[in-house]
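This report concerns only the one structure given below.
The values are calculated or read from the model by the stated rules, or taken from the named source; none is laboratory data. Keep in mind that what you see is a predicted model, and the values were worked out from it rather than measured. Positions of Cβ are generated from backbone atoms using ideal geometry, with glycine treated the same way; all protein chains shown enter the neighbour counts.
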Amino acid sequence: MKTIKQAVILVGHGGLPKDIPQQVVESFMKIHKQRIRSGAAITSQEKELESTIRNWQRTPESDPYQAGLENLASYMEPNLDGYILKTAYNEFCHPSIETAVDELALESISKIIIITTMITRGGSHSEVEIPEELKDLKAKHPDIDFQYAWPFGMDAFALFLTEHIKHFQPEPAKNIN
């Protein structure tokens, strides 16, 4: 009987580290936006700048977003018995979704569930970019069963937020005589 090795990739948006030179970011954004507008192919210069940004050395102080996603993963991991858990980022941080999948493929993973922290509809990353990337990854790794755990059930998410709000309700007024 074949054992199914399963993994979860928790995908965050990704952020820019506070200490990266502004010139690197501006150069990347200029080239990237021009390419998107024109529909041209990605250039080696854009790839190089993206790699510089994604692989920038980070600390919790320089990139609190990355630290926050890693912290969330540390809370999730004990509840994911039987799964390998990896984090990945849509942009700006390492690893990319593709890199995380490639690493898992080397471990003979047969099923990967992708879940994003981008919860509500209307975002291009969760609705367009991640599904397009998964289409390419399915072609690259045909032996892996990919599942995209999105969109979220709004009932459960609304209940989560509503319950969280209750922690911030004011104390009832006390009657002082």
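Tabulated data for the structure shown
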read-out	value
Test: residue in the range 58-74 that is in a loop (DSSP other than H, G, I, E, B), of a type in the set (Val, Ile, Thr) and without any contact (Cβ under 8 Å) to a residue 12 or more places away in the chain	yes
SER44 surrounded by fewer than 16 Cβ atoms within 10 Å (Cβ to Cβ), out of contact with any Pro (no Cβ under 9 Å at 6 or more places or on another chain) and of a type in the set (Gly, Ala, Ser)	yes
Residue match in the range 144-156 (condition: surrounded by fewer than 14 Cβ atoms within 10 Å (Cβ to Cβ), assigned to a helix (DSSP H, G or I), of a type in the set (A, V, I, L, M) and modelled with pLDDT under 95)	yes
ILE97 vs. criteria among the β-branched types (Val, Ile, Thr), over 20 Å from HIS32 (Cβ atoms) and either loosely packed, with under 15 Cβ neighbours inside 10 Å or touching a strand residue (DSSP E or B) at 6+ places or on another chain (Cβ under 7 Å) (or both)	no
Complete set of residues in the range 75-119 that are part of a loop (DSSP other than H, G, I, E, B) and more than 12 Å from the chain's Cα centre (by Cα)	LEU80, ASP81, GLY82, GLU107, SER108, ILE109, SER110
